[in-house]
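The numbers here are math on the coordinates, done by the rules we state, and not lab data. Worth saying up front: this structure is predicted, and the values here are computed from it rather than measured. Note that each Cβ is placed from the backbone with ideal geometry, even for glycine, and that neighbours are counted across all protein chains shown.
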Amino acid sequence: MKRLFVVLVVCGVAALGWGCTKSASSGPGAAASGPVTDQDDSGLKATGAPALAMGDPKHGADVFKANCASCHGEAGAGGGIGPVLKGEKQRKNYPAAIAWIKNPQPPMPKLFPAPLSESDVEDVAAYVESL
Ligand code: HEC
C-alpha cells in the first residue's frame, strides 16, 4: 500500500511538473503567438503609418521663417550662425531631424516644448527634409 502511494505521488508530481510545464509552455505560447502576431500585424501597420507620416511642410515653412531663418537663413540657405540646411535629409532623416530640433547641440537653442509645440517640430522637420 505504501509503495503504491509513493508511486502515485511521484507520478502525480511528475505529471504536474512535466505535464503542466509542457502544456503550460505550449498552451500560452501557442495561444500568445497567434494573437500577438495578429496584433503585431495590425498594430505595427496602424502605428507605423502615422509615425512615418510627415508633418505639414507648408506650416513648417512659417515656423522656420519665424524661428530658424535668423540662424539658418531664408529657406535654410545658411545665415552665418547655423549651417546650411539644404540637403539636410542626407544627414538626418525625418525622425533624426525631429530628435535634433527637440534636443539640439549648442549653440543651436532648444525651442521645444516652447515656443515650438510637438506638431510645430514635426512640421518644421518636414519642411527641413524638403529643402
Ligand atoms: C541661434 C541660432 C539657431 C537657431 C535659432 C536654430 N538653429 Fe539649427 N543649428 C544652429 C547651429 C549653430 C547648428 C550646428 C550645431 C552643431 O552642429 O553642433 C544647427 C544645426 C541644426 C541642424 C543639424 C544640421 C546637421 O548638421 O545635420 C538642424 C536640422 C537644424 N539646426 C534645424 C533647425 C531648425 C528647424 C530650427 C528652427 C526650429 C533651428 N535649427 C534654429 C543654430 C540655430
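Key figures for this structure:
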{"quantity": "Relative packing of peptides 69-77, 57-65 - highest average C-beta neighbours within 10 Å first", "calculated": "57-65, 69-77"}
{"quantity": "Relative packing of 80-92, 111-123, which averages over residues the other C-beta atoms within 10 Å, highest first", "calculated": "111-123, 80-92"}
{"quantity": "Around G73: net Lys/Arg minus Asp/Glu count, Cβ-Cβ under 13 Å", "calculated": "0"}
{"quantity": "Theoretical gain in end-to-end length, K65 to N103 [0.36 nm per residue, Cα-Cα removed]", "calculated": "11.7 nm"}
